[in-house]
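Enquirer: Below is the structure I would like to discuss, written out as C-alpha cells.
Any read-out appearing in this document is the output of simple, stated calculations on the displayed coordinates, not a laboratory observation. In this text the structure is predicted, and so the values were computed from the model without any measurement. Counting neighbours? That spans all protein chains shown, and the Cβs are built from the backbone with ideal geometry, glycine included.
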Amino acid sequence: MIQTTTSKLHWNYFLALDHDLELVSRYVEFCEPHFDVYSIEFAHILFAAASEVDVIAKLLCKQLNPKARCRDINDYRAVLRAALPALPATHVLVPRYGLTLTPWDNWKRPSNPDWWHSYNKVKHQRDVHFNKATLQNALNALGGLLIFTFYHYSYSLSKTPGSPLRSVLTTAELQPESTLLRLPDDYYCKHLVVTT
C-alpha cells in the first residue's frame, strides 16, 4: 500500500507564482530603481497573488475566528490583526536580490496595503491604471500571499485546533521550499554540518 500526505494545494499554487515571478527576473533586474517598471507579466502576478490572498484570507479568518464576518479585505484586516498582532511587521525576503518586503505594513494602522489598492485599480480600470502593475506591487502581493499561506498551514497542519504549529515545523511541511521569496531565517530549520 502507498500512503500519501494531504495535498497542499495553496502551497503548490504559491510555488507556481513564485516560479513565474522568478522567470521575469531574467528580463527585469529586481532592485529598487526598477520598482515602478510595469508589464503584463507583473499584472499577471499581481492579479493571481491578490486573488489567492482573498481566498487564503477567508480560510485563515475562519480558522482563527469561525463566527467572524469575512466578506472583504476590511473584514480580514479586523480579524487577522486581532488574532495575529505580529502580522503587519512580518518580513519577506528576496535573498538573491537583497530585498526585504513588509507587505502588510499598512495594517499597523487601519489602512490596506498599497499593492492591494493598485490591484483593484488595475483590475477595474486597467486602461487608466495599468502603470500600477509594477514590480514592487507584484513582489508585495506575492509576499503577502506567502505570509498568509504560511499562517494558514501553521493552523491547518496543527493537531491542536486553534493552536498553530511552531514556525520551523510549518516551513518543514511546506516542501519544496520557495526559490525566490522566503520568510526570515528563524522560520526555517537550521542544518548543522559536521566535518571530520
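Enquirer: Check the chain for me: any Cys whose beta-carbon has no other cysteine beta-carbon within less than 4.7 Å?
Expert: Taking the Cβ cut-off of 4.7 Å, the unpaired cysteines of the chain are C31, C189.
Enquirer: Taking 8 Å as the Cα distance limit and 6 or more residues as the minimum spacing, I'd like the relative contact order of region 9-187 as a percentage.
Expert: Taking the mean separation of contacting Cα pairs over the length of region 9-187, I get 30 percent.
Enquirer: Here's something else I'd like to know. If you add up the charges near D54, with Lys and Arg at +1 and Asp and Glu at -1, over every other residue whose beta carbon is less than 12 angstrom from its beta carbon, what do you get?
Expert: Every neighbour counted, the sum reads 0.
Enquirer: From the Cα gyration tensor of region 45-157, with a ≥ b ≥ c the square roots of its eigenvalues, which class applies: rounded if a/c is under 1.5, or else prolate if a/b is larger than b/c, or else oblate?
Expert: It is oblate, given that a/c is not under 1.5 and a/b is not larger than b/c.
Enquirer: Also, I was wondering about something else. Work out which helices of the chain, taken as complete DSSP H runs, extend at least 30 Å along their axis over the Cα atoms and score a mean Kyte-Doolittle of 0.5 or more, then list them.
Expert: What comes out of the filter, once short or polar helices are dropped, is 40-64, 135-156.
Enquirer: In addition: Of all GluC sites (Glu not before Pro) in region 8-43, which ones are in loop regions per DSSP and have a Cβ with at most 12 other Cβ atoms within 10 Å?
Expert: Answer by residue number: E29.
Enquirer: Next question, about the same structure. Sort 44-51, 55-62 by packing, meaning the average of other beta carbons within 10 Å per residue, with the highest value first. Mind showing how you got there, number by number?
Expert: Details: 44-51: 21.1, 55-62: 19.1.
Answer by packing, highest mean first, reads 44-51, 55-62.
Enquirer: Still on this model: Could you give the alpha-carbon Rg of the chain over 2.2 N^0.38 Å, rounded to two decimals?
Expert: Working it through for the chain, the quotient is 1.05.
Enquirer: With Kirkwood's inverse mean 1/r over C-alpha pairs for Rh, give me the Rg to Rh ratio of region 39-78, two decimals please. Don't skip to the end; give the middle numbers.
Expert: On the way: Rg = 12.3 Å, Rh = 10.9 Å.
That ratio is 1.13, to two decimals.
Enquirer: May I pose another question? Quick one: compute the contact order of region 34-133, relative version, from alpha carbon pairs under 8 angstrom and 6+ residues apart, as a percent.
Expert: Working: 97 pairs, mean separation 28.3, N = 100.
Across region 34-133, relative contact order equals 28 percent.
Enquirer: Only residues of region 16-46 count here: report those whose backbone N is under 12 Å from the spot 7 Å along Cα→Cβ of K123, or say none.
Expert: From region 16-46, the list is 46.
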